1. Take the alpha-carbon centre of segment B:12-85, take the same for segment B:231-283, and report the distance between them in whole Å.
2. GNM on chain B, C-alpha springs below 10 Å: top fluctuator among B:Pro347, B:Pro11, B:Pro303?
3. Using the Karplus curve 6.51 cos²θ - 1.76 cosθ + 1.60 with θ = phi - 60°, work out ³J(HN,Hα) for each residue of segment A:33-47 in order, rounded to whole Hz, and write x for Gly and Pro.
4. Compute a Gaussian network model of chain B, connecting alpha carbons closer than 10 Å, and tell me which residue from B:Val356, B:Val110, B:Val178 fluctuates the most.
5. Each residue of segment B:300-311 in turn: what ³J(HN,Hα) in whole Hz from Karplus with 6.51, -1.76, 1.60 and θ = phi - 60°, glycine and Pro shown as x?
6. Which whole-number percent gives the relative contact order of chain B, counting Cα pairs below 8 Å spaced six or more residues apart?
7. Sticking with the crude label model, points 7 Å out along Cα→Cβ, report the distance from B:Asp242 to A:Val35 in nm, one decimal please.
8. For B:Thr229, what accessible area in Å² do you get when you roll a 1.4 Å probe over the heavy atoms of the protein chains, rounding to the nearest 10?
Amino acid sequence: MLAKRIQPMAFQARRLYVELMFQVMGRALQAISEVDASARREARGLPEGFLFEMMVMPDGSRLIVEHVGDGRFHYHGNSAPRPVDLSIRFKHIAHAFLVMSFQEKTSVAFANDRMLVDGDIGYAVRMTRILNRLESFILPRVVAERAVKEYPSNLRLPEKLLSAARIYLKVASNFIETVRA
Amino acid sequence: MTNQYYEFFCPVKVIAGKAALEHIPYELTGLGAGRPMIVTDKGVRAAGLLDPVIAACEESGLEIISIYDDVPPDSSTGVVKDIAGIYRREKCDSLIAVGGGSAIDTAKAVNVLVSEGGDNIAEYSGAGTIKHPLKPFLVVPTTAGTGSEVTSVAVITDTAKSVKLPFSSSFLLPNAAVIDPRMTLTLPPHITAATAMDAMTHATEAFTCMAKNPLSDAYATAAIKKISTSLLEVMDNPKDSDNRLELAQASTMAGIAFSNSMVGLVHALGHATGAICHLPHGMCMSLYLPYVLEYNLETIRAPLGELLLYLEGPEVYAATPASRRAEASISAIRKLRDELFKRCRLPRTLKETGSVEEHQLDTIAEMAMDDGSVMFNPKEVTLEDARAVLRRAWA
Ligand SMILES: [Fe+2]
């Protein structure tokens, strides 16, 4: 009985976490393109006005960024001003959670068939490199904190949400620290 | 528990061995087809390879309704449209591709048009655009290398826009691959060597790249063993049909392996080199393979070391200390390349090809970085890395 009540809350927490992380990633993509020369060099290979989407199938959270030129990204939140050019779609929220909680690298998730690519594969390769770059900024400290190792099924909502929020803040502040340093 | 997860899929029936072609009529009838069209190229026809296929069908009362033998080396949207037109006019109901990569890719694309409708194959490009099973389709490979008979992708050049359109769907897979030693018996030495090294690369990359999995590993190692044992035998005795069959099977097995676990930097560099310098794919594979393995070495030491068993056999494997096996695997591949160079001048360096100029290396590196295969390379490749590998492969 208890398990039945907890499960949906755990799922809810996971969904919220992924949604938060999509926002973090979206903002971080914009930030990294402003400060990191190597990410920007990669991004320059994308056409101007190029819209990139990352989403959870069938109709879950999404993040949309636009390449506004000269390697800079603009984060559009979760709605695109026009049809996107490249879409990376997680087959299930559980897979998005693996990637967004840094348990699985984006490139590994590709190799593991966790997601689908719709669009030019060359651009997908480029975006994956940019995302890897982003992860390398974010990853070390989060892992050191051992904040999210494996999703604990016995975790109750408030605790989970709390730690999700903590991670969210930590990731955001870590990111800014690392980038500024 | 690790995060390991994989998918493995190969619904293609493999019909292999002596008199395999004679199974075509039975297979097609079983699929409810009786009016097949053959898609092939001039080279295959000139080599007389269509004769046994046609004979096998006619003897069983199965008439080949139409033969299109003008597939160019780079399959194009126009050709696909033309063939689909003939198919419809002649009221065909099934396809048999006889040939190498481009005949097979062309037939896959034709099957999309004649099954899904329309004249413009470009509309179906990308992933997930094909939603239904297509017409009955058999493939008879005439090279032992590409593995296209078991891959769910096709590449067609859009001649008007001069871009390569990728197609990806499990519906592209043929119903059956017919592997008959007669079909590769007359393959000239340098093509035999280059295509076999393509298969060798498919298996080696499948076994060492990021998406490796237990099922594709089994196919990859078995393919490597067959190629290591049979390739030089065939080079010395081109009419040795037993070893020809071994190579043909190895190519299909390597195809099954890599279509489920992808390839890496060797293919990324090879695709770019092929596009810029117009070198055959297999030649590029043979050329880059050891250099890329050396580049990846520390990331793939364990799996590469394991391959020594299949490359050199149990005696050498047992006699080599575990810590030296990965290097020994690379030496085995280098040794094989030296033997091939002796027998048919298959180039081992970019300089030896005589078709690449040193100033092109940067362009090749840049293009390789946009290739889909680079994503599955076990080590994350930077532009500098790609340049460094190319410089080592230069001479
Ligand atoms: Fe290949």
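The values are calculated or read from the model by the stated rules, or taken from the named source; none is laboratory data. Quick caveat, the model's predicted, so the values are computed rather than measured. Glycine gets a Cβ as well: all are built from the backbone with ideal geometry, and neighbour counts include every protein chain shown. Ligands, DNA and RNA are excluded from the accessible area calculation, which covers all protein heavy atoms including side chains. Shrake-Rupley method; radii C 1.70, N 1.55, O 1.52, S 1.80 Å.
1. 22
2. B:Pro11
3. Computed from phi, the couplings for segment A:33-47 are 6, 8, 10, 9, 5, 6, 5, 5, 4, 4, 5, 4, x, 8, x Hz.
4. B:Val356
5. Each residue of segment B:300-311 in turn: 10, 3, 5, x, 5, x, 4, 5, 4, 4, 8, 7 Hz.
6. 14
7. My value for the distance between the label points is 6.8 nm.
8. Ignoring ligands and nucleic acids, B:Thr229 comes out at about 90 Å².
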